[in-house]
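Working notes for the structure below.
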Amino acid sequence: MNINTLKSLPVITAALLLGSVTAAQAQESGLYIGAGWGSYSIDENNLDKNDDVIKTLVGMQFSNMFGIEGSWTDFNRINNDGDRFEADGNGLAAVLSFPMGTASAIFAKAGQFWWDSDAAINNVSQSSHGNDLFWGAGLKLGFNDALAFRLEAERYDVMNTHIKTFTAGLDYRF
């Protein structure tokens, strides 16, 4: 590489960054719905297992960087040598997005999760409900301005049990 090429790298980099920021500002606010499917894992006493999780969501993007999202999440039942765990609940989260172009973004979220759970661990059965904080992060890859593929990882606490999820799904912006 010659000296002139090296001197032009900062200019080219700045132009690419400014172009992506300009494109990111083109993102529109609006209502969206979505659904995802994936797996969850818990590591609690004898229940070091994975199973399916499904999630539906509805959100409102107020700007290209901030929105709120409501969700319903169902953790399928895990059975392991007499121990079992089953839960579902509703969440409400603030979502902070970092746009990448006009239809894609990296995002982080945190909020409250209201849950119902039924479990039997170490021969102790318990059904209960409560609420705890949850948080997550993900990547939204837009096919166009309306439809996006969504990958997401989240962390929940349900009945003092730590749950980690990984889901893939779609969301549709109106």
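I need the full set of residues from region 79-138 which are of a type in the set (D, E, K, R) and either in contact with a His (Cβ under 8 Å, 6 or more places away or on another chain) or under 22 Å from residue 166 (Cα atoms) (or both), in order please.
The answer is 84, 86, 88, 109, 116, 118, 132.
Take the residues of region 69-82 that are in a strand (DSSP E or B) and touching a residue at least 40 places away in the same chain (Cβ under 8 Å): which is nearest to residue 33 (Cα to Cα)?
69
Would it be correct to say that residue 107 is within 15 Å of the chain's Cα centre (by Cα) and under 14 Å from residue 40 (Cβ atoms)?
No.
So which residues in region 155-172 are free of Cβ contacts under 8 Å to residues at least 60 places away in the same chain and in a strand (DSSP E or B)? Don't jump to the end; show me each part of the working.
First pass over region 155-172, keeping only residues free of Cβ contacts under 8 Å to residues at least 60 places away in the same chain: 155, 157, 160.
Within region 155-172, 155, 157 meet the criteria.
Please find, within region 113-131, the residue that is modelled with the highest pLDDT out of those that are surrounded by fewer than 14 Cβ atoms within 10 Å (Cβ to Cβ) and touching a strand residue (DSSP E or B) at 6+ places or on another chain (Cβ under 9 Å).
Once the filter is applied, the top-ranked residue is 114.
Listed here are the residues, each with its yes/no results for (1) of a type in the set (A, V, I, L, M); (2) more than 23 Å from residue 35 (Cβ to Cβ).
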| residue | (1), (2) |
| --- | --- |
| 117 | no, no |
| 120 | yes, yes |
| 125 | no, yes |
| 140 | no, no |
| 144 | no, no |
| 174 | no, no |
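List the residue pairs whose Cβ atoms are under 6 Å apart, where the first residue sits in region 83-95 and is under 12 Å from residue 40 (Cβ atoms), the second is surrounded by 16 or more Cβ atoms within 10 Å (Cβ to Cβ) and among the hydrophobic types (A, V, I, L, M, F, W, C), and the two are 6 or more positions apart or on different chains.
Filtered contacts from region 83-95: 85/47; 85/78; 85/119; 87/75; 87/115; 87/158.
Return the residue satisfying two criteria in turn: it lies in region 82-104 and is touching a Leu at 6+ places or on another chain (Cβ under 9 Å) and at pLDDT below 95, and of such residues it is nearest to residue 147 (Cα to Cα).
So, considering only residues that are touching a Leu at 6+ places or on another chain (Cβ under 9 Å) and at pLDDT below 95, the one nearest to residue 147 (Cα to Cα) is 103.
The values are calculated or read from the model by the stated rules, or taken from the named source; none is laboratory data. Here the structure is a predicted model, which is why all the values come from computation and not from measurement. We place every Cβ from the backbone using ideal geometry, glycine too, and count neighbours over all the protein chains shown.
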